[in-house]
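The values are calculated or read from the model by the stated rules, or taken from the named source; none is laboratory data. These figures come from a predicted structure and were not determined experimentally. Please note: Cβ atoms are built from the backbone with ideal geometry, for glycine as well, and neighbour counts cover all protein chains shown. To get the accessible areas, we keep the full protein, side chains included, count just its heavy atoms, and leave off ligands, DNA and RNA. Shrake-Rupley method; radii C 1.70, N 1.55, O 1.52, S 1.80 Å.
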Amino acid sequence: MNWMLPVMVFLPFAAALPAFLLGRRKGAASLQLMIGANLLVFALALALFLNTKGTASFAIPGFVGLGLNLTADGFRSLYALVAAFMWLMTSLFSPQYFEHGHALGRYSLFSLFTLGATLGVFLSDDLLTAFVFFEILSFTSYVWVIHEQTPQAMRAGQTYLAIAILGGMTMLMGLMMLYQRVGSLRFEALAQAAPTLGHDTLMLPGLLILAGFGAKAGMYPLHVWLPKAHPVAPAPASALLSGILTKVGVYGILVISTRLFFDDTVWGTLLLVLGLVNMVLGAVLALFSIDLKRTLACSSMSQIGFILFGVGCQALLGEHNALAAQGTVLHMLNHSLIKLVLFMAAGVVYLNTHSLNLNEIRGYGRRKPGLMLIFLTGAASISALPFFSGYASKTLLHEAIVEYFVHLLDLGHSALLYQAAEWLFVITGGLTFCYMIKLFVAIFVERHPSRQTSYDRMGRSMSPLSATALGLSALVLFALGLHPEGWLTSLATRSLPFLHAHEPAHAVHFLAWVNLSGGLKSLLLGVLLYPLARKWLMVRDEGGQLVYVNRWPAWLDLEDRLYRPLVSFLVRTGTLLCTPLDLIMDRFVFPAVSNSLTFISRVLESLVDGVSLLLMRTMLKPRYEKATLVPHGNRLTYALGRTADVLTGLIRRFFGMQPRGPYHYVRLYALIWDTAQDTMRRILRTLSFGLILFALGLVALLALLLLR
Amino acid sequence: MTLLLAIALPVALGALLPVFRLKTGNRNLYLMLATLLTSALCAYAIAVDIPALRLISLNNKLTITLRLDEQGKIFCALVAFLWPFAMLYAFNYMKDEHKQTSFFSFFLMSYGVTLGIAMSANLLTLYVFYEVLTLTTLPLVMHGGSQKSIRAGLKYLYYSLGGSAFAFIGLAYLVYFGGQTTFVPGGLFKGISLMHTQQLRLGYLLCFLGFSVKASVFPLHGWLPTAAVAPTPVTALLHAVAVVKSGVFAIIRVTYYSFGASVLAGSYAQYIPLALTTFTIVFGCTMALKEKHLKRRLAYSTVSNLSYILFGAMLLSAQGLTAGLMHLIFHALMKIVLFLAVGVYNKRANAYYVDQVRGLGTTLPLLGVVFTLSSLAMTGIPPLIGFISKWALAEAALLIGGPLPLMGVVALLISALLTGIYLMVPAVTMYTRPSQGNQLTPVEAGFKVTLATLSLVVLALSAYSIPLIDYLARTAAQAM
């Protein structure tokens, strides 16, 4: 249980919140804290790198489901070191870049989170740990993209986030399927289970996981975010996005390639083809672009293509993939360092000219030898000039593909595809050199039509700290390239166990003519292509000056043409289907049910009414007699009435009042009697009275039963 | 006795609240003390094993009995933990609303009734408390007093009563075939050879449909989005935690402790609920995507997430139930934070719709962080808790295999994607610059404390949830 590993991963997370809080008061302070944290992490990474004789491990069982597993072997400690180095260099550059910047606390917070998560991925020992940290860094790096908060930045951020989430979910599906089939997601377990499970069971999960990691690496067709997100992010962040975060994706692809598809022709060819598409597309787009950072972003896409090409060759060559493995690793390493240097140089240019358009920055670098040397190191390396590090890695990759198609031809199979691949490789190398020449010439050779004097008069382009950062990065790059058989080869060799590759049968002589000729072919092509490119990419404007024309094919944008319409179509169809379903109960089922029930109830009610109506018409029909004007009464009323009349007559005569009339009370009592009779008759004939009697009868019966 | 006290205390104190004419400060103190006391009683009941308490015997088969077994302890703990927070939030939220006394009275009474559901020892007791819950929460839903609120309340009532009717049929089946309604781990019919399996399954399906009204399964989910018109403490607690989780809890009880997995496994009584819940998962998310009103969007999200839990439960395996229970707890935490945050936006920033939250991330920073954190958790971004439960659900489904569980896994992933969209869009909109500055009244400490504490719990569980998961796994294994 090596504690250095979790400390390396979690220290940036711990330092992030203090950096943010510091940044609320004074932005620069948070950057300084970030530098400090990065320095510490770099020291740890260096110690880890130098000390690893075997492998160091760390595990937290049960963390997030399957447990956290970290391991550092040759390759992983190397890449952790590269990540830490790049973070350190970019953070040294940050104070100058963000001198007038905003939201620096937020920038530091999310930078440190991303560092921690990146180290987590590079040091992971199982796919779930890698996935956890991968998702974290997808979200934290989003804040880099939207840092400037311009509309383009927000839109690019939207694309970035969408692809990150989509890729993440696809990958999760693949991981679940893989877990179900293999039973574990640890790297060794995958390698052991793969031969028994076979190609067919593993292909689908493999493709899904490839989609997820490939999205992060900028693999076609999920590359749409790269040319948009890298330019809008601040330059230090672009360097990291391009240099390291894409390598996180590549790391994942490497893992599944070397463990699940070690000797798989189909997978190898797939990656080869995808790599070629990236290579060529990226190089062509880079040539067209006139935005400095966008050129570099497309260049990244192209170089990732080279790396995927290498991964494909590894899978194709199987046991004999030493060259391909070394080539892949070295190209990853080189590209990280190259982009570090180039993006930081682009940042310097932007700082001083406030533009990234080639037409506006041309000639800026004319009297600046320091910047020129730094840029040259990066450009030369990416173009694979001999004595620069890029040459070594591209040579190895070239050798790998040649080895493969020679092997095929020896077996008597057709190798047309792979020969074509080799040609495309060479051509792309030429294109790479071509657009690098274009950039170099534009910035350092040409003269700006109007601003040249102001550019020449500009003071130091880089602050001492920035100059150190850039210089150191360029120096490392340069030193690695001088003697490829030395440091580069040893770095490649220490990475081989991770890739399950063996040592090469014989050492590679990089300056042997066979290798040199391959490299020179590309360079020659580039040099020849440049004048043609210049002719096509530059026109004369009104002032008679040659300006760069933006030939960026916006109509080819996969995102706007395909992805966005597709997503909005799916969402609209989904909601179109679901909305009526949502209302189905309220608008259809319930009213239907309640209306039908109401109908039935009404029918039954009218039946009941019908019965009582029937009774009323027949048995209980009231017989109405004519009302007589003269009330009848009976003998009793007559007797009582007469008595009352006589008595009142006597009393009135006694008191001297007028008599009332002889039949007054008789009439009154008769009237009362008649009314009562009538009412009784009416009552007796109603249904209610019948029912009351019935009920009373029942009660009486009940009482009778109970009292017995 | 503790159990009865835990239920009766909030109900009695809540009912008595209008009698004491208390000033606001005293009333808040009274309510908080009542809530905390009840939570303390619950904590005691959870820690100590209390024997069953028979309250009423209708006949020898049908009794009202209280008992807190493992399953009940989970739900009880969740409710007892979250209610004090919701109460604290409600004090600040309802400060300038009308009819506060009746609101708080019913709010407190609902606490007791929910605990009654958690502490039921048999289906009849659960059913009784379930019905009473509908009645005590109805005035809360209708609190606004507007036409909309009244209509929402009536809709809630009709749906609930209809559901209860179906559930009652299931209850009747259970009594008829099982002889009793007691909750027994493994079901009443475990180990007994059955002749009436088909009828039992039909009874179960009707029972499932009945309880699924409160659990918001398509097609009976319609009341939940409409009920979002209620005040936020109500929607947050009741409709994200108490009422809807009661429905889910009831279904889990009926599935595992009444009818039992042995009766239901492999039959249409399992497949139809699985199909319905799988569909609801995607359906809820799609509707949430379309919905621009924040609270209704979260209500549809609840609809979807409840079906996650039910999907896990209907897999009829120990792992499935564990995963479902995990999501029950985790979702409650995440959802309540989201609803409470949105409540503050409604009240203090007058932001009811998604495009109205523009710029609130900078003016209300703590709320922005809390909302974003919970959104990320809901989407299932590791290492947060939403991911843990989703992974467990998918794992359990893949372990069972078969077409329906696999479709469920696909539905989970589609839903995760859609959740990412409909939650991250407001989260990102919050941080974009508004066209003009927002004039806001400052956010009270009560809101901040509640939200911060709950978010810290979310983070803590994200980091270390092993003991909880183990406890849930043990409970689930026992329930099989």
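Being under 28 Å from A:Phe20 (Cα atoms), crowded, with 20+ Cβ neighbours inside 10 Å, in contact (Cβ under 8 Å) with a residue 40 or more places away in the chain and within 10 Å of another protein chain (Cβ to nearest Cβ) holds for only one residue in B:Met430, B:Met424, and it is B:Met424. In the range B:155-168, the count of residues that are open to solvent by 40 Å² or more (accessible area, probe 1.4 Å), closer than 28 Å to B:Asn60 by Cβ and within 14 Å of chain A (Cβ to nearest Cβ) is one or more.
When the range A:57-116 is limited to residues that are over 19 Å from A:Tyr142 (Cβ atoms), aromatic (Phe, Trp, Tyr) and not in a helix (DSSP H, G or I), the one that is nearest to the other protein chains (Cβ to nearest Cβ) turns out to be A:Phe63. Scanning the range B:199-238 for residues being more than 14 Å from chain A (Cβ to nearest Cβ) and open to solvent by 10 Å² or more (accessible area, probe 1.4 Å) gives a total of 7. Answer with yes or no whether B:Leu9 is in contact (Cβ under 8 Å) with a residue 12 or more places away in the chain and open to solvent by 50 Å² or more (accessible area, probe 1.4 Å). So B:Leu9 does not fit the description; no. If you go through the range B:355-380 and pick out every residue that is open to solvent by less than 10 Å² (accessible area, probe 1.4 Å), out of contact with any Lys or Arg (no Cβ under 6 Å at 6 or more places or on another chain) and within 10 Å of another protein chain (Cβ to nearest Cβ), you end up with 1.
Checking the structure you have, find out if any residue of the range B:80-95 is loosely packed, with under 14 Cβ neighbours inside 10 Å and farther than 17 Å from B:Thr136 by Cβ. The answer is yes; a qualifying residue exists. In the set A:Gly518, A:Gly471, only one residue is surrounded by 14 or more Cβ atoms within 10 Å (Cβ to Cβ) and more than 36 Å from the chain's Cα centre (by Cα); that residue is A:Gly518. Of the residues A:Leu166, A:Leu161, A:Leu190, the single one that is crowded, with 21+ Cβ neighbours inside 10 Å, within 11 Å of chain B (Cβ to nearest Cβ) and in contact with a helix residue (DSSP H, G or I) (Cβ under 9 Å, 6 or more places away or on another chain) is A:Leu161. Which residues, counting only those in the range B:290-301, are part of a helix (DSSP H, G or I) and buried (at least 21 other Cβ atoms within 10 Å of the Cβ)? Scanning the range B:290-301 gives B:Leu294, B:Lys295, B:Arg296, B:Arg297, B:Leu298, B:Ala299, B:Tyr300, B:Ser301.
When A:Leu185 is tested against the conditions (1) touching a strand residue (DSSP E or B) at 6+ places or on another chain (Cβ under 7 Å); (2) more than 14 Å from every other protein chain (Cβ to nearest Cβ), the lone failure is (2).
Among the residues of the range B:381-392, those identified as at the interface with chain A (Cβ under 10 Å from one of its Cβ atoms) and more than 16 Å from A:Leu161 (Cα to Cα) are B:Pro383, B:Leu384, B:Ile385, B:Phe387, B:Ile388, B:Ser389, B:Lys390, B:Trp391, B:Ala392. Screening the range A:147-158 for residues that are open to solvent by 20 Å² or more (accessible area, probe 1.4 Å) and within 11 Å of chain B (Cβ to nearest Cβ) and picking the one that is nearest to A:Leu175 (Cα to Cα) gives A:Gln158. The selection criterion, being crowded, with 22+ Cβ neighbours inside 10 Å and not in a helix (DSSP H, G or I), holds for B:Ala351.
Please tell me if A:Leu50 is touching a residue at least 12 places away in the same chain (Cβ under 8 Å) and either not assigned by TED's automatic domain parsing to the domain that holds A:Val341 or not β-branched (Val, Ile, Thr) (or both). Taking the combined requirement at face value, the residue does not satisfy it. No other residue among A:Met171, A:Met203 is of a type in the set (A, V, I, L, M), open to solvent by less than 20 Å² (accessible area, probe 1.4 Å), touching a residue at least 40 places away in the same chain (Cβ under 8 Å) and outside any loop (DSSP other than H, G, I, E, B) apart from A:Met171.
Residue count for the range B:138-154 satisfying the condition of being under 29 Å from B:Leu205 (Cβ atoms) and either in contact (Cβ under 8 Å) with a residue 60 or more places away in the chain or away from chain A (no Cβ under 14 Å) (or both): 4.
Restricting attention to the range B:409-429, the residues being touching a Gly at 6+ places or on another chain (Cβ under 9 Å) and over 15 Å from A:Ile165 (Cα atoms) number 1. For beta carbons closer than 8 Å, sequence separation of 6+ or different chains, a first residue in the range B:32-51 that is at positive phi and a second that is acidic (Asp, Glu) and part of a helix (DSSP H, G or I), there are no qualifying pairs. Take the range A:562-584 and flag every residue that is over 22 Å from B:Lys292 (Cα atoms) and either within 10 Å of chain B (Cβ to nearest Cβ) or loosely packed, with under 13 Cβ neighbours inside 10 Å (or both). Residue satisfying the conditions is A:Leu562 alone.
Exactly one residue out of A:His230, A:His331 is closer than 30 Å to A:Ser108 by Cβ, in contact with a Lys or Arg (Cβ under 9 Å, 6 or more places away or on another chain) and buried (at least 24 other Cβ atoms within 10 Å of the Cβ): that is A:His230. Cβ-Cβ distances below 8 Å connect no pair with a first residue in the range B:464-480 that is without any contact (Cβ under 8 Å) to a residue 60 or more places away in the chain and under 14 Å from B:Gly260 (Cβ atoms), a second residue that is part of a loop (DSSP other than H, G, I, E, B) and among the aromatic types (Phe, Trp, Tyr), and a separation of six or more residues or different chains. Scan the range B:159-176 and give yes if some residue there is part of a loop (DSSP other than H, G, I, E, B) and not charged (D, E, K, R), otherwise no. Scanning the range B:159-176, I find no residue that is part of a loop (DSSP other than H, G, I, E, B) and not charged (D, E, K, R), so the answer is no. Of all residues in the range A:283-295, those that are open to solvent by less than 10 Å² (accessible area, probe 1.4 Å) and part of a loop (DSSP other than H, G, I, E, B) total 1. Of the residues A:Val311, A:Val280, which single one is assigned by TED's automatic domain parsing to the domain that holds A:Cys434, modelled with pLDDT under 95 and open to solvent by 20 Å² or more (accessible area, probe 1.4 Å)? Every option except A:Val280 fails the conditions. Against the conditions (1) open to solvent by 20 Å² or more (accessible area, probe 1.4 Å); (2) more than 9 Å from every other protein chain (Cβ to nearest Cβ); (3) at negative phi, B:Gly402 satisfies every one except (3). Within the range A:66-104, the set of residues being surrounded by fewer than 22 Cβ atoms within 10 Å (Cβ to Cβ) and under 30 Å from B:Ala392 (Cβ atoms) comprises A:Leu66, A:Gly67. Here B:Ser415 meets each of (1) facing another protein chain (nearest Cβ under 10 Å); (2) touching a helix residue (DSSP H, G or I) at 6+ places or on another chain (Cβ under 7 Å); (3) under 22 Å from B:Ala463 (Cβ atoms) with one exception, condition (3).
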